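What follows is a set of notes on a single structure, which appears directly below.
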Amino acid sequence: MSSPPVPTITTERLRLRQLTDSDADAQFTLELLNDPDFHRYIGDRGVRTLEDARQYLLRGPIAMYASHGLGMCCVELKDGTPIGQSGLMRRAELDNVEVGFAYLPQYRGQGYALEAATAAMQWGKESLGLTRILAIATPENHASIQLLEKLGLSKEDVFIFPETNEELALLAWNQKSEPNKQ
């Protein structure tokens with residue numbers, strides 16, 4: 001039985017929507033996953049062709065939508081221009097849902113990542129009832145760690161990624177750590 005679809009989320013400047021295996025989404029994913037900073041901070045996923053990108057989408061975000069009802073979404077400007085990916089995901093290696101994001105270089109530093117990740121986390125809290133959200137980041141990725149801290153996550157531990165033995169910063173948001181909103 002598949003989970004309900006991830007809703008399209010709109011913000012003041014952006015739209016977050018489910019990724020598809022369309023040529024347009026595959027082309028965008030190919031570009032994003034081959035950005036040098038994606039390789040440096042997230043990892044080389046071995047995606048080199050349009051077909052590789054399509055398979056990555058099918059096995060990754062699209063499969064996660066079906067199995068968990070969440071996943072990375074395409075972040076678009078209101079005119080439909082894809083600028084990045086953001087969303088909530090589930091990894092077998094982590095005990096809670098994780099927030100993630102990646103953007104093309106020309107769209108960084110303009111508040112888009114904060115706007116989209118805030119909306120994704122709000123959806124997770126309000127619609128999915130999440131009381132804890134995690135994130136992992138390479139310790140050298142200061143920009144991402146600062147963004148995660150703006151989202152209300154704080155450094156909690158070191159996470160050793162099982163496949164690579166890479167040490168990553170583990171950050172967490174816990175509902176009890178947020179001030180009561182009256």
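Overview of values
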item	result
Of the DSSP H helices in the chain, those whose Cα atoms cover at least 18 Å axially and whose Kyte score averages -0.5 or more	112-127
Cα gyration tensor category, rounded, prolate or oblate, for the stretch 92-182 with a/c compared to 1.5	oblate
Residue with peak Gaussian network fluctuation, the chain [Cα springs, cutoff 10 Å], from Leu32, Leu151, Leu128	Leu128
FRET E, pair Glu156, Asp23, Förster distance 45 Å, beta-carbon r, rounded to 0.05	0.65
Interchain or long-range residues, amide H under 5 Å from Arg91's placed H	Glu98
The chain - Rg (one decimal) and Dmax (whole number), Cα, Å	15.6, 51
Within the accessible area of the chain (1.4 Å probe), percent carbon and sulfur	49 percent
Counted charge near Pro105, where neighbours are those whose Cβ lies closer than 9 Å (Asp, Glu -1; Lys, Arg +1)	-1
Listed peptides 66-79, 37-50, 130-143 by packing density, highest first (mean Cβ within 10 Å)	66-79, 130-143, 37-50
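The values are calculated or read from the model by the stated rules, or taken from the named source; none is laboratory data. If you're wondering where the values come from, they're calculated on a predicted model, not measured in any experiment. Neighbour counts are summed over all protein chains in view; Cβ atoms, including those assigned to glycine, are modelled from backbone coordinates with ideal geometry. The accessibility values were calculated without ligands, DNA or RNA, using every heavy atom of the protein model including side chains. Shrake-Rupley method; radii C 1.70, N 1.55, O 1.52, S 1.80 Å.
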